[in-house]
């Protein structure tokens, strides 16, 4: 089996008396797209926040490769190769596409906080910026302010920023939300290309896209994992059929 | 574009020529205004570029002044090369401690906490006899700049003093311009505009902000040191938050997004105060009303008037600044 | 320290904390509901004290001075909200800080014109002017006891309003939950106006009740503003209960600090604040960051 990029074991998260995540174990391998699905309130967003470090677990452990990152802050996790794209587009609106992506590339450069020298004078950062923009298909829009991009382009920008941080694993939180069919097509192809040399974990409601993209699926319900496996196995799983896929019709 | 360098060059020529054509009183007055400009530019590193609305920069300013007063031996001048670094280090240390505590909070908390800690330093000098208590203390002689007994510059001369201030000011403009355009400066701006996203990219927000805050406090210390040297006197009011707020007004007048804007804001406000003081007993009332007017009518500072005079600006300095300070509140 | 002295100091601490609570609760209410940080809050405390002095000097009656002072502050609050403060909703904190700083300059100069800059004192009502003899050589002023009782009553009123009325529901829901207020059918601009006026009136009331046991002087508002901020930072912003906790903590720290550590007493409350920031950055009763 391919090597494990991210492994979470027995994760729990309680908010006061509420158990948002009560027992989740998941592992994501390099070279595969792992999708997490489940009805609203299943705890998917909380799970992503636990993995990225914006929330700390109540119990359980998270390993990035061989390193235990359970107690690391989000910026430390990012420096170790965990990249995250957001559900709501949260790029820096006034900056251009290039500036946004350069900030991301700079974050993974050897001295990201140098006070001397102009930001533009770093060839390596500049190259990785251009590469990431190219990969995300935004090259013609390089010098446009982010706030002027279309909805779909802003998602591409999110992904370009994540790519520029050179991650080993990418967490994608509903990358297709609020997107028209033609726009979605481009993003789906882009996501499919991400698993090359990386691991991808995706939370998404669009079932057609999920079954097209995912190599493996984890189904959550009420803060628990009720099934994990290939798309075929999950489709056949009785607990999944009752808990979730029954109302799959209106999700697609 | 010739206009980009024309204006600074003209201003620089004016700044160099001015002290030779105006009376000594005005040389001293302009020195004082430039010192406040240094303070305002220092503050803007935290407020405009870092999104940290600090109400304790007067404390860093005053602390350095007090260090000079305490280190000045009786009626003899203190050594500038010795006392200036100590004063700046004291301010930086205070900024490090206050910043480390205050940066655990955001937004309106940050404002209140900086205000309170700044006032703590105020009360420290006001209520204890460290340096004359509420009466303040004298700096009887201007510090001297000499190496091995040979005097390099005579700071007691208003003209020399003015040019020393001008030199520091130009150096500071160069330094801040470099910092703002550096990778660090961009990371700081990113932390201001979108803290959460910047953190998820791998930026250590707390460390970035604290670094900027300490740098800003240290520069405020330089301003305070020279202010104490010029006035020949330090009093607790130098550390009080009314001064911090006044400098914030300068920053707002000059515009939050530029390096030199706050300098212009300082010159405008100090010039305005001078005119008001000369013409009315109720100058504070008028100043208060002007401050209120500026906040309500010109949220981006008087630079907003600039495009109306010379046509639309092309530089990116005049991006809307209104959202700057609040962004830090969103965790 | 014997038990009686301890009791006296405890009463002092509580009385001081109660007045702090009056002022700070106004500040925290205004922030909690309007989302506006008002640096001029201390100026209204000062103004209240001067109004009390001025009206009491004319009428010879402290109660009239109190009622009129609060009423004037309330009306001024209504006016200020409709002219200035409402333009700050949605603006950043910097704008709020600077506008209220401008207000301080204006209020200070107004005070200078109307009342001068002399230090004054105000006589308490005659029937509260005496002292209770505790031991042979120790007595306690009745007026200070009266402050405790009075502030308790006001505090109880505030809590009643917050727990029993629609406006109170908004306070508890917090400023961000504007949706709920629309459901309740409350006109936001009217609520804002009255909340701001009440906040200002509470600050003035604090200044009025403190006037007979302290002096009335121009800089009194500044000190109170800082203390109110520390109270709010300690207790948690927007929380009236937090303000009560913070105010009592400061009353105790300051009073007993002066007894036990006189040389560093003025620094102690800041040490307390630093400790709370390390322990719970959002205040003792503040909402925890998740």
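Bear in mind these aren't lab numbers, they're just calculated from the coordinates by the rules spelled out. Every value quoted in this text rests on a predicted model; they were computed, and no experiment measured them. Reconstructed Cβ throughout: ideal geometry from the backbone, glycine too, with neighbour counts over all protein chains shown.
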Of these, B:95, B:131, B:90, which one is on the phi < 0 side of the Ramachandran plot, touching a residue at least 40 places away in the same chain (Cβ under 8 Å) and in contact with a strand residue (DSSP E or B) (Cβ under 8 Å, 6 or more places away or on another chain)?
-> B:131
Residue C:106 being more than 16 Å from residue C:210 (Cα to Cα), in a helix (DSSP H, G or I), in contact with a helix residue (DSSP H, G or I) (Cβ under 6 Å, 6 or more places away or on another chain) and within 14 Å of chain B (Cβ to nearest Cβ) = yes
Given the conditions (1) away from chain B (no Cβ under 14 Å); (2) in a helix (DSSP H, G or I), and given that residue A:106 satisfies all but one, which numbered condition is not satisfied?
-> (1)
Members of the range B:71-87 found to be in a loop (DSSP other than H, G, I, E, B) and in contact (Cβ under 8 Å) with a residue 12 or more places away in the chain, listed by number = B:72, B:74, B:75, B:76, B:77, B:78
Can you find a residue in the range B:26-41 that is within 14 Å of another protein chain (Cβ to nearest Cβ) and either assigned to a helix (DSSP H, G or I) or in contact (Cβ under 8 Å) with a residue 12 or more places away in the chain (or both)?
-> yes
Given the conditions (1) part of a helix (DSSP H, G or I); (2) surrounded by fewer than 18 Cβ atoms within 10 Å (Cβ to Cβ); (3) more than 14 Å from chain A (Cβ to nearest Cβ), report the number of the one that residue B:111 does not fulfil.
-> (2)
Give the residues of the range A:37-74 that are under 15 Å from the mean Cα position of the chain (by Cα) and more than 26 Å from residue A:205 (Cβ to Cβ), sorted by residue number.
-> A:64
By residue number, the members of the range B:138-160 that are touching a strand residue (DSSP E or B) at 6+ places or on another chain (Cβ under 9 Å) and surrounded by fewer than 20 Cβ atoms within 10 Å (Cβ to Cβ) are B:138, B:144, B:145, B:146, B:151, B:152, B:153, B:154, B:156, B:160
